[in-house]
1. Going by what's in this entry, would A:Leu210 be described as of a type in the set (A, V, I, L, M, F, W, C) and over 16 Å from A:Ala258 (Cα atoms)?
2. Quick one: which of B:Ala129, B:Ala121 is modelled with pLDDT under 85 and assigned to a helix (DSSP H, G or I)?
3. Just to be sure I understand, how many residues within region B:25-67 are polar (S, T, N, Q) and either surrounded by 21 or more Cβ atoms within 10 Å (Cβ to Cβ) or in contact with a Phe, Trp or Tyr (Cβ under 8 Å, 6 or more places away or on another chain) (or both)?
4. Mind checking which residues of region A:10-42 are at the interface with another protein chain (Cβ under 9 Å from one of its Cβ atoms) and aliphatic (A, V, I, L, M)?
5. If you check every pair at least six apart or on different chains, which have Cβ atoms under 7 Å apart with a residue in region A:285-297 that is under 11 Å from A:Pro253 (Cβ atoms) and touching a residue at least 24 places away in the same chain (Cβ under 8 Å) first and a residue that is among the polar types (S, T, N, Q) and crowded, with 17+ Cβ neighbours inside 10 Å second?
6. Any idea how many residues of region A:72-82 are modelled with pLDDT under 70 and at the interface with chain B (Cβ under 7 Å from one of its Cβ atoms)?
7. What residue, of A:Val227, A:Val222, A:Val193, is modelled with pLDDT of 90 or more and more than 22 Å from B:His34 (Cα to Cα)?
8. For A:Glu188, all conditions in the list (1) part of a helix (DSSP H, G or I); (2) crowded, with 20+ Cβ neighbours inside 10 Å hold save one; what is the number of the exception?
Amino acid sequence: MNCNDAIELLTEALAEPLNGRAAADLAAHLAACDACRAEAAAMRRIWEELERLPEEIPGEEMRQRFAASLEPYLEAAASRGGSGRTDGPRRALASLGAGLEGWLERWLPRRPLAQAGLAAATLVVGLLIGSLHGFGLPSRLGGMGRAGGQGGAAGDDGHGEIHALRDEVRSLSRLVTLSLLKQDSASERLRGVSFGREAGPGDERVLQALLDTLRHDPDVNVRLAAVDALAPALGQPAVRGQLLQEVGRQRSPMVQIALIDLLLARDRAGSRRQLLDLTASPSLDGTVRGYLRTRLATS
Amino acid sequence: MVRDPKAAASDTELMAAVRDGDLVQLGALFERHHVGLFNFFLRLTGSRQLSEDLVQEAFIRILKYRKSFHPQAEFRPWLYQLARNAVAAHFRKHGRDHLPPGEPEERVCESPLALDELQRAESARLLRAALLRLPYERREVLLLSRFGELRYDQIAELLGCSAGAVKLRVHRAVRQLREIFDGLAGRT
């Protein structure tokens with residue numbers, strides 16, 4: 001094997017495992033050739049640097065734009081007498097994207113700050129109108145609808161309106177959350193996490209955005225806030241699974257320790273086994289491992 | 001409830017369903033691939049806004065050209081073919097002059113970082129900048145091989161050359177990236 005052959009195999013080995021014969025030939029060449037050995041080390045180093053490059057998360061409005069762009073195709077398929085395959089919950093999701101958020105998207109397609117501002121302003125106006133009409137705060141809306149003393153059809157209408165208003169408030173809260181979470185400013189993203197926490201554990205998209213924030217946000221304080229905001233959703237197995245994964249995946253010991261505290265405080269029985277396994281992981285930070293062992297021994 | 005990503009059909013099965021008219025399955029493909037595709041475009045162009053537009057365009061192309069997908073084929077090479085076409089169409093229309101000249105757009109972290117986090121963030125910043133200073137063709141082949149999860153023979157098919165030529169281009173790209181990166185980091 002000459003050096004050119006070795007370089008080709010080195011390059012191949014970066015992306016694909018070599019077969020036994022090729023691997024052995026390459027190893028023999030590298031053992032005898034200082035230049036190729038140095039080249040191999042240098043190539044591996046830059047390849048691993050690329051591996052460590054953090055993944056960037058696109059703005060949430062991209063998903064909304066996609067949903068809006070899909071809608072005409074779905075409508076066309078339906079109008080051609082297509083099957084019921086375009087109906088059902090997934091269709092509803094697509095329609096949601098083309099609804100309120102899609103409308104905002106078309107008006108303000110590339111101005112997330114303006115979107116967030118408009119949404120927040122609308123939320124405040126909505127709450128103001130609600131309070132002027134005696135509806136009270138959103139958390140009380142359902143109860144007032146049931147016990148508001150409005151009988152018959154008028155009572156039913158009021159109940160429906162209240163539900164519609166509550167849905168609208170939730171939708172706007174979600175929009176504000178998702179818009180804030182993709183801002184450049186860490187303080188804005190922190191506000192987004194706070195909004196997300198208020199949205200509660202029942203909003204799947206907010207929950208997913210909080211998990212994405214925990215996984216990818218470059219700011220440790222934002223990630224810490226996301227841990228707190230996700231606490232109410234710990235009862236959901238998928239969320240718990242992802243939080244457990246993050247204990248080993250996070251690079252900040254502070255975030256790792258916050259996750260350990262949360263999991264042991266709220267879900268000791270469910271998380272203990274996996275956290276115990278994690279103490280044997282060689283990639284776990286030494287400080288975090290020591291802390292985890294102490295917590296497992298004392299809890 | 002958050003979706004369980006493991007409980008799902010393969011990409012090829014989903015795309016075959018889209019091809020046969022079940023368009024809502026494109027939503028599942030979008031969820032799986034839009035972040036990866038966004039990062040491919042971002043590392044290729046350095047522009048977040050353009051990358052978001054290109055992801056949108058790529059998925060529109062999937063819809064438009066869904067009939068050209070063969071159910072026996074792998075989805076990922078086909079996706080990246082459409083992605084490359086979307087970039088090429090953009091460059092034909094707008095040229096490349098508006099792209100950031102070697103400095104990627106990035107989010108600014110306001111709070112103080114620990115020293116090791118600071119070093120990692122700086123290293124990532126320099127590597128992104130180095131990537132953008134690679135000649136476009138080398139950058140593209142490097143990104144396809146490193147992040148596209150494509151085999152060399154699949155990249156060769158995309159680029160219309162031999163697998164051997166792809167390996168040579170990747171090696172040259174890695175070597176040049178290393179030189180630029182070390183230069184930016186003050187190691188040379």
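1. On the way: of a type in the set (A, V, I, L, M, F, W, C): yes; over 16 Å from A:Ala258 (Cα atoms): no.
No; evaluated as a whole, the condition is false for this residue.
2. Working: B:Ala129 fails: modelled with pLDDT under 85.
One residue alone meets the criteria, B:Ala121.
3. Residues of region B:25-67 polar (S, T, N, Q): B:25, B:39, B:45, B:47, B:49, B:51, B:56.
Right, trim to either surrounded by 21 or more Cβ atoms within 10 Å (Cβ to Cβ) or in contact with a Phe, Trp or Tyr (Cβ under 8 Å, 6 or more places away or on another chain) (or both) and you get B:39, B:45, B:51, B:56.
Residues flagged as polar (S, T, N, Q) and either surrounded by 21 or more Cβ atoms within 10 Å (Cβ to Cβ) or in contact with a Phe, Trp or Tyr (Cβ under 8 Å, 6 or more places away or on another chain) (or both) within region B:25-67 amount to 4.
4. Within region A:10-42, A:Leu10, A:Leu14, A:Ala15, A:Ala42 meet the criteria.
5. Short answer, once both residue conditions are applied: A:Asp285/A:Gln256; A:Val288/A:Gln256.
6. 1
7. Numbers: A:Val222 fails: modelled with pLDDT of 90 or more; A:Val193 fails: modelled with pLDDT of 90 or more.
Only one candidate qualifies: A:Val227.
8. Against the list (1) part of a helix (DSSP H, G or I); (2) crowded, with 20+ Cβ neighbours inside 10 Å, A:Glu188 comes up short only on (2).
The values are calculated or read from the model by the stated rules, or taken from the named source; none is laboratory data. Since the model is a prediction, treat every value here as computed from it, not as a measurement. No Cβ is skipped: glycine too gets one built from the backbone with ideal geometry, and neighbour counts run over all protein chains shown.
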